[in-house]
1. For the structure I just gave you, tell me whether residue 139 is surrounded by fewer than 20 Cβ atoms within 10 Å (Cβ to Cβ) and within 16 Å of the ligand (Cβ to nearest atom).
2. When you scan the stretch 197-207, do you find a residue that is surrounded by 13 or more Cβ atoms within 10 Å (Cβ to Cβ) and within 13 Å of the ligand (Cβ to nearest atom), even just one?
3. Do the conditions hold for residue 155, that is, is it assigned to a loop (DSSP other than H, G, I, E, B) and either within 19 Å of residue 216 (Cα to Cα) or under 21 Å from the mean Cα position of the chain (by Cα) (or both)?
4. For the stretch 49-76, which residues satisfy the criterion of being within 14 Å of the ligand (Cβ to nearest atom) and not in a strand (DSSP E or B)?
5. Quick one: which residue in 238, 170 is at positive phi, surrounded by 13 or more Cβ atoms within 10 Å (Cβ to Cβ) and more than 14 Å from the ligand (Cβ to nearest atom)?
6. Suppose we filter the stretch 95-129 for residues that are free of Cβ contacts under 8 Å to residues at least 60 places away in the same chain and not in a helix (DSSP H, G or I); how many remain?
7. Pick out the one residue from 147, 228, 178, 210 that is among the β-branched types (Val, Ile, Thr), without any contact (Cβ under 8 Å) to a residue 60 or more places away in the chain and surrounded by 13 or more Cβ atoms within 10 Å (Cβ to Cβ).
8. Among 134, 116, which is more than 25 Å from residue 196 (Cβ to Cβ) and not aliphatic (A, V, I, L, M)?
Amino acid sequence: MNAELYPQFQLSTLHSELKDMAIVENIQFIEKEIEGKGVILVAVSKTKPVEMLMEAYNAGFKRFGENYVQELVDKYEQMPKDIEWHFIGHLQSNKVKYLAPFVSLIHSVDSLKLLQEINKQAAKQHRVIDCLLQIYIAEEDTKSGMTEEECLEILKSETLEKLPNIRIVGLMGMTTLTEDEDQIRKEFKKLKDFFQSLTINQPPHSSLTTLSMGMSGDYAIAIEEGSTMIRVGSKIFGGRIYQK
Ligand SMILES: *Cc1c(COP(=O)(O)O)cnc(C)c1O
């Protein structure tokens, strides 16, 4: 559908989508499910228009996750300033400067080089930016992240002491795209075990409290396996036309 040729159509689908989507009900439903479990919900709003995010915001929900830097910056500029913005997509070093003034948590740090850049840009903003290290847990090789060994290397690295403007607060992982529940559970369990081994033997200069795992299709399993933060998109905002 070409939006320029069919502006009316676009507008009316948006409105009916909004009405049918029941964004607020979806959030309330999930909040109810996770109540008392020590789990934080991040509403993943990538590809969705500001109007949809504002539905949630106006009902008091203020924590959103985005995958693309430009899209996140655009939404940040258009929306109220008391929103907690999470960056969950692949982050290139040269884009960090755009997020540094306002981002709350970066879920997807996959190298020491990226941490150094986040530290540099955070320092310019006189901020300390919370980061999660993304661990590679899926069997397919399309998912980004680092191995457990690489993660340990970073956590033990002396370089970390020289990065006062970042704080590593936990880990993030994404499972293989599969219907196989056992496979998904196995991957979550593996990440949880690794997370636990780190928190028992807490490395210096870190305070690992957050385990970000679970999306629309698998957050129930993720919570059973110890997730403390779920990233839910389509179950709140509906399916995406463009699978960013
Ligand atoms: C898109 C995305 C999500 C949300 O996916 P849904 O299946 O729509 O809930 C969560 N995490 C990351 C990293 C994503 O890219």
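1. Answer is no for this residue.
2. Filtering the stretch 197-207 down to residues surrounded by 13 or more Cβ atoms within 10 Å (Cβ to Cβ) leaves 198-199, 203, 205-207.
The next check asks that each one be within 13 Å of the ligand (Cβ to nearest atom); those that pass are none.
Looking through the stretch 197-207, none of the residues is surrounded by 13 or more Cβ atoms within 10 Å (Cβ to Cβ) and within 13 Å of the ligand (Cβ to nearest atom).
3. Details: assigned to a loop (DSSP other than H, G, I, E, B): no; either within 19 Å of residue 216 (Cα to Cα) or under 21 Å from the mean Cα position of the chain (by Cα) (or both): yes.
Against the criterion (assigned to a loop (DSSP other than H, G, I, E, B) and either within 19 Å of residue 216 (Cα to Cα) or under 21 Å from the mean Cα position of the chain (by Cα) (or both)), residue 155 does not qualify.
4. Of the residues in the stretch 49-76, the ones within 14 Å of the ligand (Cβ to nearest atom) are 52, 63-69, 71-72.
Once the filter is applied, which keeps residues that are within 14 Å of the ligand (Cβ to nearest atom) and not in a strand (DSSP E or B), the stretch 49-76 yields 52, 67, 68, 69, 71, 72.
5. Values: 238 fails: more than 14 Å from the ligand (Cβ to nearest atom).
Unique residue meeting the criteria: 170.
6. If we filter the stretch 95-129 for residues that are free of Cβ contacts under 8 Å to residues at least 60 places away in the same chain, which is where we start, we get 95-104, 106, 109-129.
This time we only want the ones that are not in a helix (DSSP H, G or I), so: 100-104, 106, 109-111, 125-129.
Here the count works out to 14.
7. Details: 147 fails: surrounded by 13 or more Cβ atoms within 10 Å (Cβ to Cβ); 228 fails: without any contact (Cβ under 8 Å) to a residue 60 or more places away in the chain; 210 fails: without any contact (Cβ under 8 Å) to a residue 60 or more places away in the chain.
Exactly one of 147, 228, 178, 210 is among the β-branched types (Val, Ile, Thr), without any contact (Cβ under 8 Å) to a residue 60 or more places away in the chain and surrounded by 13 or more Cβ atoms within 10 Å (Cβ to Cβ), namely 178.
8. Details: 134 fails: more than 25 Å from residue 196 (Cβ to Cβ).
So the residue among 134, 116 that is more than 25 Å from residue 196 (Cβ to Cβ) and not aliphatic (A, V, I, L, M) is 116.
Each reported figure results from applying straightforward, stated rules to the coordinates on display, with no laboratory input. What you see is a predicted model; the values in this text were computed from it and never measured. Here the Cβ is made from the backbone with ideal geometry for all residues, glycine too, and neighbour counts use every protein chain on show.
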